[in-house]
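Here's the structure we're looking at; comments come further down.
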Amino acid sequence: MNIMETIKHANKILLISHINPDGDTLGSSGAMSFFIEKQLDKPVDLFCVNQIPQNFKFLNLEQFYISPERLDLNSYDLIIALDCADMRRTGIEEQLLQTRGKIPLINIDHHQTNPMYGDLNIVNADTSSTCEIVFNLFKKSNIDFDKNISTCLLTGILTDTSYFTNAATTSLSIKASSFLMNQGVSSKEILESVWKNQKLETLKLWGQVLEKLHFNKKHKIATAIINSQDKVDSNIFEGFANFLTVIYEANIILVLTQIEEKLIKASMRTTKENIDVAKIAAQFGGGGHSKAAGFSLDGQLQETATGWKIV
Ligand SMILES: [Mn+2]
């Protein structure tokens, strides 16, 4: 069975967005939610271990959202993970593993490091976003692109291409966006809700980190350190690594964030043709795209006389 048939045959479906949700995982899960509930008339829940961030409230996904406390995986007969590069990104890997062989899992994603963990995998690393994959699926199936679905899908394409400025941008992603805008979606509303809504305080925090930006001349790596003193909820630095790709002389952008007392998140970006940061991230047990990838490290960032160290 293909994916659309599988969805049509299911009775109750769970969609999963990844931890620290972004516009693509929420947009793709959101578009699926609206389609399944409004057009297939089936019950659907959208799960994410984190709450839906304030700047994505305009997608109207609260009606589908199910929180970790209320989640009962066994009440579903189909699970779809969207934009989750591996099972850990769902935030509920262990519970999901217990459903293997019992509840089918569909994996829809565009990360090149995706290990194809689903029973059915729709993974295409040449696509700008998971939203573009869902767009293509819907287009093939002639579904009705209503305002909600179109807004969700355009949000994912715009955010994952950094508004058509990064390497994920293709003529196909622009063509899909053009179609979605023709359904009456305002790209301006998305841009203003998601990106041009930064608080002055946020920019000042960015400024503090920018001031301490480190540049390794030999390897041409620009490193930003966000340590616990910068006291952040991770949303504040959303988009920060992408922003740093404007640095002309850097081959690689590395952002190290102390997200827990003993846990560091590393985000890497590159705009250089011959560099694949997903391969570097994979060496540290992470993954992602060739131009944007990340991994986690156990330890603590510590400032010493000779620079930052991980202890
Ligand atoms: Mn994505």
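All of the numbers you see were taken from the coordinates with simple rules; none came from a lab. Computed from a prediction, not measured in an experiment: that's the story for all the values here. All Cβ positions, even for glycine, are placed from backbone atoms using ideal geometry, and neighbour counts span all protein chains on display.
Summary of packing: across the peptides 146-157, 296-307, 56-67, 259-270, the per-residue average of other C-beta atoms within 10 Å ranks them, highest first, as 146-157, 259-270, 56-67, 296-307.
Compactness of region 1-157 is given as radius of gyration and Dmax, 13.8, 38 Å, from Cα positions. Taking Asn11, Asn274, Asn114 in turn, the Gaussian network model of the chain (Cα-Cα springs below 10 Å) assigns the largest fluctuation to Asn274. Placing +1 on the Cβ of every Lys and Arg and -1 on the Cβ of every Asp and Glu, with nothing else charged, gives the chain a dipole about its Cα centre of roughly 660 debye.
For region 3-68, the extents of the C-alpha atoms along the principal axes are 33, 21, 18 Å, listed from largest to smallest. Taking every alpha-carbon pair in region 200-310 and binning the separations at 5 Å intervals from zero gives 2, 12, 22, 25, 22, 13, 3, 0 percent. Subtracting the Cα-Cα distance of Ser141 and Glu94 from their residue separation scaled by 0.36 nm leaves 13.6 nm.
Express as a percent, rounded to the nearest 5, the fraction of DSSP beta bridges in the chain (both residues included) that run antiparallel.
50 percent
Each part gets one Cα centre, and for region 250-311 versus region 131-205 those centres are 27 Å apart. Simple spin-label estimate for Leu203 and Asn50 gives 2.3 nm between the two label positions (7 Å along the Cα-to-Cβ direction from each Cα).
Under 27 Å of direct C-alpha separation, and excluding same-chain neighbours fewer than eight residues apart, Lys8 reaches these lysines: Lys38, Lys42, Lys102, Lys139, Lys140, Lys147.
Could you give the length gained on full extension between Asn2 and Lys102, defined as 0.36 nm per residue of separation minus the Cα-Cα distance, in nm?
34.2 nm
Between the Cα long axis of helix 130-140 and the first principal axis of the chain there is an angle of about 30°, rounded to the nearest 10.
Figure the gain on full extension for Lys279 and Leu213 (residue separation times 0.36 nm, minus the Cα-Cα span) and round it to one decimal in nm.
The span from Lys279 to Leu213 would gain 21.4 nm if fully extended.
Remark: relative contact order (region 200-310) = 18 percent; criterion is Cα-Cα distance under 8 angstrom and separation of 6 or more residues.
Rounded to the nearest 10 degrees, the inclination of helix 171-181 to the longest alpha-carbon principal axis of the chain is 60 degrees. What base-10 log of the normalised intensity I(q)/I(0) is obtained for the chain from the Debye formula, alpha carbons as equal point scatterers, at q = 0.08, 0.14 Å⁻¹? Reported log10 I(q)/I(0), two decimals: -0.35, -1.09.
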